[in-house]
Amino acid sequence: MRAISYWGVATSMACAVSALGLTPTYAQSTEQAQILERLDTLQAELDALKKQLAETKTQADQSKKLAEKADNRAQKAVLAADQVRPNAWHMAGYADVGIEFSDGENSDTFTSGKFNPAFHFLYKDLVLFESEFQVTTMDGGETDLELEYSQLDFLLHDNAVLVAGKFLSPVGQFQERLHPSWINRLTNAPVGFGHGGIQPLSDVGLMLRGGIPVGERLFTYSVAVGNGPRLGHDGVELEGFGRDDNSNKAISGRAAFFPIDNLEIGGSFLFAKVTAEGEEEPDDDHDDDEVLASVVADSGDLQDLPLRDYDLWGFDAAFTKGNWDIRAEYLNANLKGLGDPDDDHGDVIEPLSWEAWYAQVAYRMSGVSDSSFFQKLEPVVRYGRFTVEGDHDLEDELNEKRFNIGLNYWVSPSVVVKSAIEFRNYMASEREDDTRLQLQLSYGF
Amino acid sequence: MTRKRDFIPLMFVAATVALLGLGAALAQADKPKADPMQFARGAKAWAKNCARCHNMRSAQDNSDEEWQVDIAHMRVRANIPGDVARDIRAFLQASNN
């Protein structure tokens, strides 16, 4: 019995020992498994995070791209909103009314003045069409309609514009730049300028013009080839004619530069040939073109008629700074004679020459006083002289010295009430001088 | 001054120049670029150029479309270079409301 219990004890001990030895092995492997398991989950979580991160990155990239696209669109929209229709247009112009009292041959009179509507159409920044009419009531009551200009301007280059059609003459400064009554500081043109003067008014043809920067300064040019002037009753008619009466084209132009910012100095010229008298004057019942066509048909070519050289040159200056507006302009024109003065046979036509100039100073009183009334006032003086030589009748009719003194009230930059006294001193001894009081209201719109 | 025979080639040259120029202008016309300094340059050029012949007109006188046309008109009349005219236009169009 004892032996059995001994073996029993030994077996139990062995069991206990083995159990003791086994237990840690068993405990160790479960922990490992657990760690491994956790590692696996961590790995999976890491993978998931990595995947998420990648997704987020692509999403971010996509959002960035989207944002860029949106931004582009927005910019385009802003640009598009700023842009005006490709065919844009504008109506402008001016109108004036006036009254003139005279102590000379002329009676006191109201003048309905002028209505000058102007139309401008622009296709992109490529072509501009501009046209202006002048509607006036004539002395006899009829309405007169004139085409001041009607031109297509091709904006070829930043420094060159090609003008085609009927355009205001580029010669000098008064006609092209100052004649609209809301710009002109006095109620009329200086003597020798405007209608009946020697400053060319308009021409029909082509003109190349533009401004070229030279360092800090600007140089400008306008060169025109046109049908040119014609000979009329009172000398040379310097207007654009719808058809040339000879094949010679007139070349005219102006070049100007700015020695300082506020001073512009320009030089102008016109070279032309005019068909000498002798052709039938078109009477009013006939259309100019018809008469011209019949003369051409009869004579084969109007070039068969003798031509006379007509040359004109001049210069102008403008100083505009602050309240000051100072301008001066000079023109000199010559019409060559015909025939040899030493030859007793055959007709001799004497040469004719003209000269016209003016100087004008205006001073705007803004800043001079606190009163808003005074600030809108502008005193102005102008002196001008017009002379012709070579024909006694013309000399008596035209030669004149003219002095103007005026006071303007500027309601707005383009609405003005002008008052002026004009002293006309005719140089022909038998003609009496003439003093006029002028009032004018002009509105540029 | 020019005689007929001189005038025909002259016209031809003018027409060719016109066509070439117009082609080049067309190629450029559709590429507007935003330029932050344009406004400042325009304001300066406006002050320098736009009171030489007549009183300075107010920016409020015209809508954007009217300035678009009118500045082209003034560019031609006053021989203002195209780039300067565009700056003045941008300035006026940004100042009229």
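The values are calculated or read from the model by the stated rules, or taken from the named source; none is laboratory data. Values in this document were obtained by computation on a predicted structure and should not be read as measured data. Cβ: placed from backbone, ideal geometry, glycine included. Neighbour counts: every protein chain shown.
Just name the residue that is surrounded by the most Cβ atoms within 10 Å (Cβ to Cβ) out of those in region A:159-209 that are at positive phi and within 14 Å of chain B (Cβ to nearest Cβ).
My answer is A:Gly172.
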Count of region A:161-183 residues which are over 25 Å from A:Gly232 (Cβ atoms) and polar (S, T, N, Q): 1
Single unsatisfied condition, A:Ser222 versus (1) surrounded by fewer than 22 Cβ atoms within 10 Å (Cβ to Cβ); (2) farther than 28 Å from A:Val417 by Cβ; (3) of a type in the set (Gly, Ala, Ser): (1)
Residue list for region A:289-330, restricted to those being part of a strand (DSSP E or B) and either among the aromatic types (Phe, Trp, Tyr) or modelled with pLDDT under 55 (or both): A:Tyr310, A:Trp313, A:Phe315, A:Phe319, A:Trp324, A:Tyr330
Members of region A:67-94 that are modelled with pLDDT of 80 or more, within 11 Å of chain B (Cβ to nearest Cβ) and not in a loop (DSSP other than H, G, I, E, B): A:Asn87, A:Ala88, A:Trp89, A:His90, A:Met91, A:Ala92, A:Tyr94
Single match in A:Ser353, A:Ser366 (criterion: touching a residue at least 24 places away in the same chain (Cβ under 8 Å) and touching an Asp or Glu at 6+ places or on another chain (Cβ under 7 Å)): A:Ser353
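Applying the selection to region A:95-139, what residues are of a type in the set (A, V, I, L, M, F, W, C), more than 14 Å from every other protein chain (Cβ to nearest Cβ) and assigned to a strand (DSSP E or B)? Give the derivation first.
Let us first name the residues in region A:95-139 that are of a type in the set (A, V, I, L, M, F, W, C), namely A:95, A:97, A:99, A:101, A:110, A:115, A:118-119, A:121-122, A:126-129, A:133, A:135, A:138.
If we keep only those that are more than 14 Å from every other protein chain (Cβ to nearest Cβ) as well, we get A:95, A:97, A:99, A:101, A:110, A:115, A:133, A:135, A:138.
Correct list: A:Ala95, A:Val97, A:Ile99, A:Phe101, A:Phe110, A:Phe115, A:Phe133, A:Val135.
Quickly run through region A:384-416 and pick out the residues that are part of a strand (DSSP E or B) and within 14 Å of chain B (Cβ to nearest Cβ).
Within region A:384-416, the subset part of a strand (DSSP E or B) is A:384-389, A:400-412, A:415-416.
A:Asn408, A:Tyr409, A:Trp410, A:Val411, A:Ser412, A:Val415, A:Val416, listed by residue number.
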All positions within region A:140-158 that are among the charged types (D, E, K, R) and facing another protein chain (nearest Cβ under 10 Å): A:Asp153, A:Asp158
Selection count, region A:152-207, where residues are within 25 Å of A:Val388 (Cβ to Cβ), part of a strand (DSSP E or B) and out of contact with any helix residue (DSSP H, G or I) (no Cβ under 7 Å at 6 or more places or on another chain): 2
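Anything in region A:229-256 that is more than 21 Å from the chain's Cα centre (by Cα) and within 9 Å of another protein chain (Cβ to nearest Cβ)? List them, or say none. Can you show your working first?
Initial filter on region A:229-256 (more than 21 Å from the chain's Cα centre (by Cα)): A:229-239, A:241-251.
If the condition is that a residue be more than 21 Å from the chain's Cα centre (by Cα) and within 9 Å of another protein chain (Cβ to nearest Cβ), then A:Ser247, A:Asn248, A:Lys249, A:Ala250, A:Ile251 are the ones that fit.
Anything in region A:352-383 that is touching a helix residue (DSSP H, G or I) at 6+ places or on another chain (Cβ under 9 Å), hydroxyl-bearing (Ser, Thr, Tyr) and outside any strand (DSSP E or B)? List them, or say none. Even if it seems obvious, please write down each step before you answer.
Just the residues of region A:352-383 that are touching a helix residue (DSSP H, G or I) at 6+ places or on another chain (Cβ under 9 Å), to begin with: A:352, A:354, A:358, A:364-369.
Subset that is hydroxyl-bearing (Ser, Thr, Tyr): A:358, A:366, A:369.
Within region A:352-383, A:Ser366, A:Ser369 qualify.
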Evaluation of A:Arg431 against (1) basic (Lys, Arg); (2) outside any strand (DSSP E or B); (3) within 33 Å of the chain's Cα centre (by Cα) (one fails), failing number: (3)
